[in-house]
Amino acid sequence: MVKALTDEQIERFRTSLESRLKGLRQGVQEEVVRSDSEHFTDVAGEVHDQEEASVAHLVIDLDLANIDRHVQEIRAIEAALLRIARGEYGICLDCGQPIPIARLEANPTAERCISCQVDYERTEALSPTQTSL
Ligand SMILES: [Zn+2]
């Protein structure tokens, strides 16, 4: 039987999740501002030929992919903080067993124990509705 987290352990996760969240929000804000200015001034304003235009699009796409990844991480952290507030943090969503602390230390936003996560990802990969955006 895996031991449930102590209050101090949960508090430690909460503190580190909150500071990670703050950093991510700041980073996303900066990236949005930067890609906006690249888009509207430097890039869009000074594209002279087709080749340059496609490079410009590539830069914008890369920035958006980066922002998108950060936004997903922000959502995962917010969900984890919500679980902490509800007293559900560190409990597997599927089997209800405590998630081992080593797993949470490696991935503080983990929602499932390893075996449930493997099952979940296998199910998700097989489901046609989950493969498209
Ligand atoms: Zn589980």
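Bear in mind these aren't lab numbers, they're just calculated from the coordinates by the rules spelled out. All of these numbers come straight from a predicted model, not from anything done at the bench. Note that each Cβ is placed from the backbone with ideal geometry, even for glycine, and that neighbours are counted across all protein chains shown.
For residue 91, the residues whose amide H sits under 5 Å from its own are 99, ignoring neighbours fewer than 5 places away on the same chain, with H placed 1.01 Å from N. Neighbour counting of Cβ atoms within 10 Å sorts the residues 116, 95, fewest neighbours leading, into 95, 116. Whole-Hz Karplus values for the stretch 84-97 come out as 4, 4, 8, x, 10, 5, x, 10, 5, 4, 8, 9, x, 8 Hz, taken residue by residue from phi with 6.51 cos²θ - 1.76 cosθ + 1.60 and θ = phi - 60°; glycine and proline positions read x. The residues neighbouring residue 95, those whose beta-carbon lies less than 11 Å from its own, together hold a net charge of -1 under the Lys/Arg +1, Asp/Glu -1 convention.
Quick one: length gained pulling residue 71 to residue 120 fully straight, 0.36 nm per residue minus the C-alpha distance?
15.5 nm
May I ask for the net charge around residue 12, where only other residues with Cβ less than 12 Å from the Cβ of residue 12 are counted and Lys, Arg are +1 while Asp, Glu are -1? Mind dumping the intermediate values first?
Numbers: positive: 14; negative: 7, 8, 11, 18, 105.
Net of charged neighbours comes to -4.
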